[in-house]
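Only one structure is covered here, and it is reproduced in the block below.
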Amino acid sequence: QSLLELLPPIVLAVPKSKISHSRKSMRSANKGLKDKRNIVNCPACGEPKLAHHACRTCYSSIMARFKAETK
């Protein structure tokens, strides 16, 4: 028995022709990173942050104060 008899034809799918470097890069040209559009200023300190996220500077100051109180 050969391998072709054991496996259905769909398993042995192969591309019909070679894809050139140019065509491959044209297909993947729109896969780049998008710009963030949801950046707002923190109402407490004014630093830029993502909307609906905690501000890094405010969070680090709160955590530093919390750690100092627990010691």
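Here, each number is a calculation from the coordinates, and none is a lab measurement. None of these values were measured; they are calculated from a predicted model. Reconstructed Cβ throughout: ideal geometry from the backbone, glycine too, with neighbour counts over all protein chains shown.
Between Lys24 and Asn41, the contour length at 0.36 nm per residue exceeds the Cα-Cα span by 2.1 nm. Rounded to the nearest 20, the Cβ-based charge dipole of the chain about its Cα centre (Lys and Arg +1, Asp and Glu -1) stands at 280 debye.
Dividing the Cα radius of gyration of the chain by its Kirkwood radius returns 1.48 for Rg/Rh. Per residue, the chain reaches -10000 deg cm²/dmol at 222 nm when only DSSP H runs of four or more residues are counted, each adding -39500 (n - 2.57).
Backbone phi angles across region 16-31, fed through the Karplus curve with coefficients 6.51, -1.76 and 1.60 (θ = phi - 60°), yield HN-Hα couplings of 6, 8, 6, 8, 6, 4, 5, 5, 5, 6, 5, 5, 9, 5, 9, 9 Hz in residue order; Gly and Pro are listed as x.
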